[in-house]
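*Asks:* Before I ask anything, here is the structure I am working with.
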Amino acid sequence: MGVNSAPVAGLTPAAISERIESRELSRRCAILPEDVVRKVFRYGATAGRRIEQHARLDRCMDRLQDLVVEAERRGEALASGTVVMAAELGRGSGRFDRRWYAPPGGLWLAMAWADTLLPDFARLLPLAAGIACCETVRSYGIDAAIKWVNDIHVRGRKVCGILCQTVSAPGSGDRYHLIGIGINCNNKTFPAELRDTAVSMRDLLGRSLDLSQFALDLLVALAWNFGLVHFQEECELAAGGYPDKPESPVVAAWRQLSDTMGRQVVYGYDVRRRPLYRAAVLDIDHDGGLVMALEDGRRITEYSGEILYLDGKPSPAPHLHAVTPARIEGL
């Protein structure tokens with residue numbers, strides 16, 4: 001099985017559009033005005049515009065970067081929303097080049113999103129991806145939660161990982177946000193080193209999922225949440241900016257799905273190997289930054305990096321290095 005051999009059957013741009021029209025519009029219109037819902041989905045309509053499937057790849061993100069270069073050689077730009085999927089990955093990896101175990105049975109994909117947003121809004125895309133993944137997992141009756149920035153876990157065990165990178169075409173300089181997503185759907189086993197920290201939806205539900213339907217649900221959720229980022233940008237620009245920004249709908253949705261608020265954490269850029277400091281999480285700001293209180297009472301806001309929870313089921317935290325925050329308030 002090679003390119004376009006459809007390990008996830010029936011997943012097409014037309015199927016995504018049909019699902020939005022037949023189910024998602026009415027569901028979203030129960031909460032928001034129809035004109036708003038349709039505008040959000042128009043912004044997100046490119047999600048899954050092109051879908052390329054493989055039996056096996058080293059990494060979906062690498063294949064997307066190849067497609068960016070191939071499109072440029074043809075004098076074109078890669079279509080925003082292009083998705084690459086594989087039934088299994090040979091070199092799946094997450095943040096800081098950590099190995100991601102990606103055997104048959106999981107959902108392994110990456111999506112390219114053209115960099116047309118202003119930076120303040122582009123940094124919300126990882127949050128939007130996390131919301132989409134968490135919403136989709138929860139729609140199957142699993143009590144999943146988001147850990148900042150965008151790990152999806154169930155009672156401390158990881159069910160989904162998300163990796164976000166920004167790349168440029170070598171000649172034109174066209175920029176794309178690459179969103180890599182790995183979800184443990186029907187995985188049956190994990191390596192020994194992951195058995196206590198990872199879990200599959202199959203294990204949680206006691207049954208296998210229809211991977212085609214799950215992938216369709218996820219792409220519809222991505223269309224909505226990425227569209228919401230663009231809609232938020234439109235509204236704020238139309239208003240000429242705000243002295244005090246209103247609550248971001250993306251951040252509000254993320255906060256509702258997260259269990260990070262109020263937690264005791266250790267923070268670092270590669271927190272397992274180089275933890276930096278302990279803190280209490282206070283909030284997430286309008287731009288997705290994690291607002292924390294240090295042990296001496298100072299507030300600090302971080303926009304990248306990662307955390308480990310110290311309360312509940314604590315993770316071991318080795319020696320802490322010097323604090324190197326992105327922004328400290330009240331010094």
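*Asks:* Looking at (1) at pLDDT below 95; (2) on the phi > 0 side of the Ramachandran plot, which one does residue 81 not meet, given that it meets all the others?
*Replies:* Result: residue 81 passes all but (1).
*Asks:* Here is a further query. Just wondering, is there one or more residues in the stretch 129-143 that are more than 22 Å from residue 59 (Cα to Cα) and in contact with a Phe, Trp or Tyr (Cβ under 6 Å, 6 or more places away or on another chain)? Don't jump to the end; show me each part of the working.
*Replies:* Within the stretch 129-143, the subset more than 22 Å from residue 59 (Cα to Cα) is 131, 134-143.
Next, only the ones that are in contact with a Phe, Trp or Tyr (Cβ under 6 Å, 6 or more places away or on another chain) stay: 131.
Within the stretch 129-143, one or more residues are more than 22 Å from residue 59 (Cα to Cα) and in contact with a Phe, Trp or Tyr (Cβ under 6 Å, 6 or more places away or on another chain).
*Asks:* Let me ask another. Tell me yes or no: at least one residue of the stretch 192-204 is without any contact (Cβ under 8 Å) to a residue 12 or more places away in the chain and outside any helix (DSSP H, G or I).
*Replies:* yes
*Asks:* Still on this structure, I have one more. Output the residue which, of all residues in the stretch 205-240 that are among the acidic types (Asp, Glu) and either touching a residue at least 24 places away in the same chain (Cβ under 8 Å) or touching a Lys or Arg at 6+ places or on another chain (Cβ under 9 Å) (or both), is surrounded by the fewest Cβ atoms within 10 Å (Cβ to Cβ).
*Replies:* So in the stretch 205-240, the residues among the acidic types (Asp, Glu) come out as 210, 217, 233-234, 236.
Pick out the ones that are also either touching a residue at least 24 places away in the same chain (Cβ under 8 Å) or touching a Lys or Arg at 6+ places or on another chain (Cβ under 9 Å) (or both) and you get 217, 233-234, 236.
On the way: 217: 21, 233: 18, 234: 14, 236: 17.
If we take residues in the stretch 205-240 being among the acidic types (Asp, Glu) and either touching a residue at least 24 places away in the same chain (Cβ under 8 Å) or touching a Lys or Arg at 6+ places or on another chain (Cβ under 9 Å) (or both), then 234 is surrounded by the fewest Cβ atoms within 10 Å (Cβ to Cβ).
*Asks:* Given the condition out of contact with any helix residue (DSSP H, G or I) (no Cβ under 8 Å at 6 or more places or on another chain), closer than 20 Å to residue 212 by Cβ and in the same structural domain as residue 161 (by TED's automatic domain parsing), answer yes or no: does some residue in the stretch 57-65 qualify?
*Replies:* yes
*Asks:* Right, next: Check off (1) buried (at least 23 other Cβ atoms within 10 Å of the Cβ); (2) out of contact with any Gly (no Cβ under 7 Å at 6 or more places or on another chain) for residue 202 and give me the number that stays unchecked.
*Replies:* (1)
*Asks:* Here is a further query. Taking the stated definitions as given, is residue 179 within 30 Å of residue 70 (Cα to Cα), in contact with a Pro (Cβ under 9 Å, 6 or more places away or on another chain) and surrounded by 22 or more Cβ atoms within 10 Å (Cβ to Cβ)?
*Replies:* yes
*Asks:* May I pose another question? Residues of the stretch 90-117 being crowded, with 18+ Cβ neighbours inside 10 Å, modelled with pLDDT of 65 or more and hydroxyl-bearing (Ser, Thr, Tyr), which ones?
*Replies:* none
*Asks:* Of all residues being of a type outside the set (D, E, K, R) and assigned to a loop (DSSP other than H, G, I, E, B) in the stretch 245-266, which is nearest to residue 151 (Cα to Cα)? Just the residue, please.
*Replies:* 260
*Asks:* Considering (1) surrounded by 15 or more Cβ atoms within 10 Å (Cβ to Cβ); (2) of a type in the set (Ser, Thr, Tyr); (3) more than 18 Å from residue 215 (Cα to Cα), say which one residue 26 fails and leave the rest.
*Replies:* (1)
*Asks:* In the stretch 222-244, is there at least one residue being of a type outside the set (S, T, N, Q) and touching a His at 6+ places or on another chain (Cβ under 8 Å)?
*Replies:* No.
*Asks:* Taking the options 240, 288, 297, name whichever one is part of a loop (DSSP other than H, G, I, E, B), within 18 Å of residue 152 (Cβ to Cβ) and either of a type in the set (Phe, Trp, Tyr) or modelled with pLDDT under 95 (or both). Please lay out each step first, then the result.
*Replies:* Details: 240 fails: within 18 Å of residue 152 (Cβ to Cβ); 297 fails: within 18 Å of residue 152 (Cβ to Cβ).
The conditions single out 288.
*Asks:* Ok, one more. Being out of contact with any strand residue (DSSP E or B) (no Cβ under 7 Å at 6 or more places or on another chain) and either surrounded by 19 or more Cβ atoms within 10 Å (Cβ to Cβ) or among the charged types (D, E, K, R) (or both) is the filter here; which residues of the stretch 187-199 pass it?
*Replies:* Residues satisfying the conditions are 188, 193, 195, 196.
*Asks:* Would you mention how many residues in the stretch 286-303 are out of contact with any Phe, Trp or Tyr (no Cβ under 6 Å at 6 or more places or on another chain) and free of Cβ contacts under 8 Å to residues at least 40 places away in the same chain?
*Replies:* Residues meeting the conditions: 12.
The values are calculated or read from the model by the stated rules, or taken from the named source; none is laboratory data. Because the structure is predicted, anything quoted here is derived from the model rather than measured. Glycine gets a Cβ as well: all are built from the backbone with ideal geometry, and neighbour counts include every protein chain shown.
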